[in-house]
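Quick notes on the structure that follows.
Values in this text are rule-based calculations from the coordinates and carry no lab data. If you're wondering where the values come from, they're calculated on a predicted model, not measured in any experiment. Cβ: placed from backbone, ideal geometry, glycine included. Neighbour counts: every protein chain shown.
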Amino acid sequence: MTTYAYTMMSAAALLLCACTARMDMQGQDPNEFYAAHPIKNKVESREVSVMVHFPPEASSLPPGDMARLHQALQNIAPPAIDVVRIRIAKNDMHNQARKTYLAALLRRMGYKNGIRFESSPGLARGDADIDVTYLAIVLPDCPDWRTSPVTSYSNTWQGNFHCAQEVNLGLMVADPHDLVKGSARVSPDTDRDAKVIEDYRAGKGFDQVAPWDTSSSSGSGAGSSTPGSGSGPTTGAGASSGGP
């Protein structure tokens, strides 16, 4: 073997010796760092409460209360809901017309499950405190450029790739419960799938707002409202970037 070959082998050995995992993060092993500080979506329980008031002898809400209710709930996707508690005065528990109206109103907004009526001694007649408990996805704090976007001596994710993938997943999830526990296996509906593809190819449905955003159709008497004027839900539950 020639002197040149020995020289090249020695140089390659020196170079490979320097290529350790700690080179990826300025002296810290990424495997150890991300094991202690994982980048992942978090799911937390949140509540939003809206107080509305029925006028005397009325069985429907005035336009202002309707608009306030829609504004408070417009960014909460129905699948994210755990429970909807409607607290009313004790004397109003027998007012079936108002209870039916509120339940129907919430169902038209997409909140069909978990609606409960409770008596509250602190409320006056005509008051209704609508309390919604739901899950929200908290996205990781991205971008993450702690490691190189080019090389990876630690056999880990390259710079920001994993962080971006987690954020994309969190933004696409419609039901935050799926990040807590996966859904059971369901039978596929091939007819529905075929209809969706058919409508997509025909260009149908692109001008529709989210089914739970009824602000455009409920604004009669409460001021004009154009379709799509309210921002749609984020990740199905009002996702937020950064920490909780």
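Things to note:
- A cut-off of 5 Å between modelled amide H atoms, ignoring neighbours fewer than 5 places along the same chain, links A174 with no other residue.
- Close amide H contacts of F117 (hydrogens built in the peptide plane, cut-off under 5 Å, sequence separation of 5 or more or a different chain): I86.
- Count Lys and Arg as plus one, Asp and Glu as minus one, and take only other residues whose Cβ is under 14 Å from that of V196; the net charge is then -1.
- Amide H partners (placed H, <5 Å) of F54, local residues excluded: D127, A128
- Phi angles across segment 80-95 convert, under the Karplus curve 6.51 cos²θ - 1.76 cosθ + 1.60 with θ = phi - 60°, into 3J(HN,Hα) values of 7, 6, 9, 7, 10, 9, 10, 9, 10, 5, 4, 5, 8, 5, 9, 8 Hz, Gly and Pro given as x.
- All other residues whose Cβ lies under 12 angstrom from that of F117 are scored, Lys and Arg at +1 and Asp and Glu at -1, for a net of +2.
- In straight-distance terms, cross-link reach from K99 covers every one of the lysines whose alpha-carbon lies under 30 Å from its own, apart from those fewer than eight places away in the same chain; here that gives K90, K112.
- Put in line by how crowded their Cβ is, counting other Cβ atoms within 10 Å and starting with the fewest, H94, H162 read H94, H162.
- Full-extension gain in nm, Q28 to S119, via 0.36 nm per residue minus C-alpha separation: 27.0 nm
- This ranking places T147, T190 by how few other beta-carbon atoms lie within 10 Å of each, fewest first, which gives T190, T147.
- D141 paired with S45, simple spin-label distance in nm, labels 7 Å along Cα-to-beta-carbon: 2.6 nm
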